[in-house]
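Peer 1: Next up is a structure, given as structure tokens.
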Amino acid sequence: MNTTPPTEKPESSVKEVDWSDFRDHIATADREGRRQWIYPRKVSGKFFRLRTWFSWLLLFIMFAGPFITIHGNPLLLMNIVERKFVVFGQIFWPQDMIIFAIAVLIFAVSILVFTTAFGRLWCGWACPQTVMMEMVFRKIEYFIEGDAHQQRALNQAAWDGNKIAKKISKHAIFYALSFLVGNVLLSYLIGWQQLYQIVTDPPAQHVTGLAFMIAFSLLFYGIFARFREQACTFICPYGRLQSLLLDENSIVVAYDYKRGEKRGILKRAQKFGERRFAGFGDCVACNQCVSVCPTGIDIRNGTQMECVHCTACMDACDAVMTKIGNPRGLIRYASLNGIERGEHLRVTPRLVAYSVVLLALATALGLMIFTRADVEATVLRAPGSLFQQMPDGHFSNLYTVRIVNKTSRELPVELRLESPAGTLQVMGGQLVVPAQKLLENSVLIELEPAAMKSGTTPLVVGVYAGGKKLQTLKTAFIGPRN
Ligand code: SF4
Ligand code: SF4
């Protein structure tokens with residue numbers, strides 16, 4: 001047996017981090033893996049103004065959403081506990097799961113199509129995380145603690161009255177807002193009426209609801225006060241999908257390296273002609289695009305996973321270009337092919353394929369919603385029950401009928417035994433299904449022996465409302481074997 005210890009270390013499969021290569025590490029961690037806090041500078045400009053206006057609209061929709069109703073139904077409701085889902089006022093019951101599944105598929109394919117064509121436009125303009133972080137929480141932080149350099153100085157300063165007051169007021173407002181956001185989310189899940197009950201009833205009656213309320217508030221506070229851009233970098237799967245979805249024709253926030261390189265600071269009184277002659281491009285290496293970036297990256301390195309397409313670097317660079325008298329758009333919405341070859345958005349085979357799938361799914365969904373019945377009923381023999389013979393010689397079977405009323409009005413429903421001849425008796429009188437509810441009732445069906453087959457007789461029951469037939473149900477009647 002060889003007992004000689006190995007003299008050479010086995011070759012490590014772990015690659016050393018190259019700290020000079022931005023692809024080897026993330027901008028928000030140092031060499032020890034500690035969090036590098038990002039202090040993005042305040043930004044202003046055309047895109048920021050447009051995003052601000054757009055964010056007001058989105059915030060209005062987001063906060064008003066639970067109170068907006070369409071035909072008496074909420075805009076959006078995802079009540080998992082009661083298995084009730086409402087999208088744009090349309091109620092989806094567990095029986096509609098196939099419709100719901102297709103709607104989810106459409107959503108996923110839309111993301112594919114949209115991202116392939118327009119990159120992460122959603123992240124920068126419409127994602128609730130970006131909108132809340134950049135347009136609400138960040139602005140409050142600027143208001144209380146000042147711009148990036150003032151925030152940095154405040155964090156490094158000793159704790160005094162000023163610092164304590166600023167930190168307490170900032171975090172108190174952050175928590176209050178997070179509580180509000182958490183409650184809005186809860187009202188999307190359970191409806192605002194139920195949320196109102198949780199708030200107004202004695203706490204002991206809604207321990208679970210209150211626990212969710214606190215958990216959501218703490219979660220959002222944690223995200224917006226501390227976790228921030230890491231939610232996009234580490235948690236959100238959409239950012240990770242970028243490398244799969246983007247191609248050289250996708251429109252992204254891009255630095256025009258052909259125009260910008262080679263970068264170099266603009267010397268005092270230097271003319272651009274001289275500068276170009278010396279081999280320099282339009283980038284004056286001012287780092288303004290980096291200093292405003294909320295994810296701490298340098299877009300001049302190319303498209304990166306961390307980039308949420310917030311357009312801050314576009315505004316910052318445009319301001320610099322305007323100041324030095326150069327055309328704007330050194331950082332702009334463009335595709336790689338657009339920058340390299342001056343091409344506009346091209347319809348690629350991949351985009352066509354995604355669009356065809358999307359169209360097919362949308363057509364299927366439209367048809368299913370259009371042909372979806374307002375009422376859905378099922379009839380089953382009552383479990384464990386056998387047939388009974390009545391004193392007049394007729395036989396009877398007991399059934400359980402379940403009727404879902406998908407409309408927003410109360411619906412009187414009538415059941416008629418259509419085949420064979422016999423009688424159908426609803427236990428407890430007329431069937432009236434409350435709006436958007438499920439009604440369960442017992443039904444007794446009697447057949448005379450002449451109408452029965454040996455053993456099992458097929459039955460056809462019609463479901464009627466307002467004299468109109470809504471559904472035909474088929475079941476079986478059990479009787480004696482001859
Ligand atoms: S802001 Fe524009 S000019 Fe300044 S470093 Fe960035 S790309 Fe270059
Ligand atoms: S690189 Fe530009 S667009 Fe991307 S996150 Fe940073 S500032 Fe926003």
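The values are calculated or read from the model by the stated rules, or taken from the named source; none is laboratory data. What you see is a predicted model, and the numbers here were worked out from it, not measured in a lab. Here the Cβ positions follow ideal geometry from the backbone for every residue, glycine too, while neighbour counts run over all protein chains shown. Note: areas computed on protein heavy atoms with side chains; ligands, DNA, RNA excluded. Shrake-Rupley method; radii C 1.70, N 1.55, O 1.52, S 1.80 Å.
Peer 1: So how long is each side of the chain along the principal axes, counting just the alpha-carbon atoms, biggest first, in Å?
Peer 2: Principal-axis extents of the Cα atoms in the chain, largest first: 112, 75, 59 Å.
Peer 1: Evaluate the distance, in nm, between pseudo-label points positioned 7 Å from the Cα of Leu219 and of Ala360 along their respective Cα→Cβ axes.
Peer 2: Simple spin-label model gives 3.5 nm for this pair.
Peer 1: Would you please put 328-334, 68-74 in order of how densely packed they are, using the mean number of other Cβ atoms within 10 angstrom per residue and starting with the highest?
Peer 2: The packing order, highest mean first, is 328-334, 68-74.
Peer 1: Classify segment 122-267: rounded, prolate or oblate, from the alpha-carbon gyration tensor (a ≥ b ≥ c, eigenvalue square roots; a/c under 1.5 rounded; otherwise prolate if a/b is larger than b/c)? Can you show the working numbers first?
Peer 2: Working: a/c = 3.34, a/b = 1.42, b/c = 2.35.
It is oblate, given that a/c is not under 1.5 and a/b is not larger than b/c.
Peer 1: Once amide H atoms are placed 1.01 Å from N in the peptide plane, what residues at a sequence separation of 5 or more from Ala29, or on another chain, have their amide H within under 5 Å of its amide H?
Peer 2: Under 5 Å from the amide H of Ala29 lie the amide H atoms of Gln36, each far enough along the sequence or on another chain.
Peer 1: Taking H as built 1.01 Å from N, whose amide H comes closer than 5 Å to the amide H of Lys84, not counting residues under 5 places away?
Peer 2: Distant-sequence amide H within range of Lys84: Asn79.
Peer 1: Something else now. Between Phe60 and Lys267, what FRET efficiency follows from the Cβ-Cβ distance if R0 is 45 Å, with the result rounded to 0.05? Don't skip to the end; give the middle numbers.
Peer 2: Details: r = 49 Å, r/R0 = 1.08.
E between Phe60 and Lys267, to the nearest 0.05, is 0.40.
Peer 1: Under 13 Å from a point placed 7 Å out from the Cα of Arg341 along the Cα-to-Cβ direction: which residues of segment 240-268 have their backbone N that close?
Peer 2: 248-250
Peer 1: Please list, ordered by chain and number, the residues whose modelled amide H lies under 5 Å from the amide H of Phe477; skip anything fewer than 5 residues away on the same chain.
Peer 2: Amide H neighbours of Phe477: Thr457, Leu459.
Peer 1: Let me ask something else about it. With respect to the cross-link table entries Lys139/Lys258; Lys42/Lys258; Lys437/Lys469; Lys406/Lys474, which display a Cα-Cα separation exceeding 26 Å? Please report the intermediate quantities before stating the final value.
Peer 2: Numbers: Lys139/Lys258 35 Å; Lys42/Lys258 28 Å; Lys437/Lys469 20 Å; Lys406/Lys474 21 Å.
The pairs that break the limit, which is 26 Å between Cα atoms, are Lys139/Lys258; Lys42/Lys258.
Peer 1: Sticking with this structure for a sec: Run the simple label-point estimate for Val352 and Lys474 please: 7 Å along Cα→C-beta, distance reported in nm.
Peer 2: Taking the two extended label points, one gets 4.4 nm.
Peer 1: Right, another one. Quick one: grab the alpha carbon gyration tensor of segment 405-482, order the square roots of its eigenvalues as a ≥ b ≥ c, and give me rounded if a/c is under 1.5, else prolate or oblate depending on whether a/b is larger than b/c. Could the numbers behind the result be given before it?
Peer 2: Numbers: a/c = 2.72, a/b = 2.39, b/c = 1.14.
Because a/c hits 1.5 or more and a/b exceeds b/c, segment 405-482 counts as prolate.
Peer 1: Enumerate the residues in segment 164-189 having an amide nitrogen under 12 Å from the point lying 7 Å beyond the Cα of Ile140 toward its Cβ.
Peer 2: Hits in segment 164-189 for Ile140 at 12 Å: 168-182.
Peer 1: Can you work out ³J(HN,Hα) from phi for every residue in segment 451-462, in order, using Karplus 6.51 cos²θ - 1.76 cosθ + 1.60 and θ = phi - 60°, giving whole Hz and x for Gly and Pro?
Peer 2: Per-residue couplings from phi come out as 8, 9, 9, 5, x, 10, 10, x, 10, 10, 10, x Hz.
Peer 1: May I ask you to compute the full-extension gain from Glu274 to Ala101, defined as 0.36 nm times their residue separation minus their alpha-carbon distance, rounded to one decimal in nm?
Peer 2: Numbers: separation 173, 0.36 × 173 = 62.28 nm, distance 6.19 nm.
The span from Glu274 to Ala101 would gain 56.1 nm if fully extended.
Peer 1: Sticking with this structure for a sec: Using a probe of 1.4 angstrom, how much of the accessible area of the chain is carbon and sulfur, in percent?
Peer 2: Numbers: 17160 of 27040 Å².
Looking at the chain in its full context, I get 63 percent from C and S.
Peer 1: Mind checking the full-extension length gain between Phe67 and Gln90? Use 0.36 nm per residue of separation minus the Cα-Cα distance, one decimal, nm. If you can, show how the numbers build up before the last one.
Peer 2: On the way: separation 23, 0.36 × 23 = 8.28 nm, distance 1.51 nm.
Difference between extended and current length: 6.8 nm.
Peer 1: Just to be sure I understand the model, the point goes 7 Å from the Cα along the line to the Cβ. What's the resulting Val207 to Lys42 distance in nm?
Peer 2: Going by the 7 Å Cα→Cβ label model, 4.9 nm.
Peer 1: On to the next question. Between segment 125-165 and segment 211-276, what's the alpha-carbon centroid distance in Å?
Peer 2: Measuring centre to centre over Cα atoms gives 19 Å.
Peer 1: Run through segment 54-122 and list the chymotrypsin sites (Phe, Trp or Tyr not before Pro) located in a DSSP loop whose Cβ has at most 12 other Cβ atoms within 10 Å. If you can, show how the numbers build up before the last one.
Peer 2: Details: sites: Phe54, Trp56, Phe60, Phe63, Phe67, Phe85, Phe88, Phe92, Phe100, Phe107, Phe114, Phe118, Trp122; in loops: Phe88.
Here the chymotrypsin sites (Phe, Trp or Tyr not before Pro) that fit, given the DSSP loop and packing criteria, are Phe88.
Peer 1: Hey, what number do you get for the chain at 222 nm if only DSSP H runs of n ≥ 4 count, each worth -39500 (n - 2.57), divided across all residues, to the nearest 500?
Peer 2: Numbers: 16 runs with 187 residues, N = 482.
Mean residue ellipticity at 222 nm (helix-derived): -12000 deg cm²/dmol.
Peer 1: Assuming a ≥ b ≥ c are the square roots of the Cα gyration tensor eigenvalues, decide whether segment 205-351 counts as rounded (a/c under 1.5), prolate (otherwise, with a/b larger than b/c) or oblate.
Peer 2: oblate
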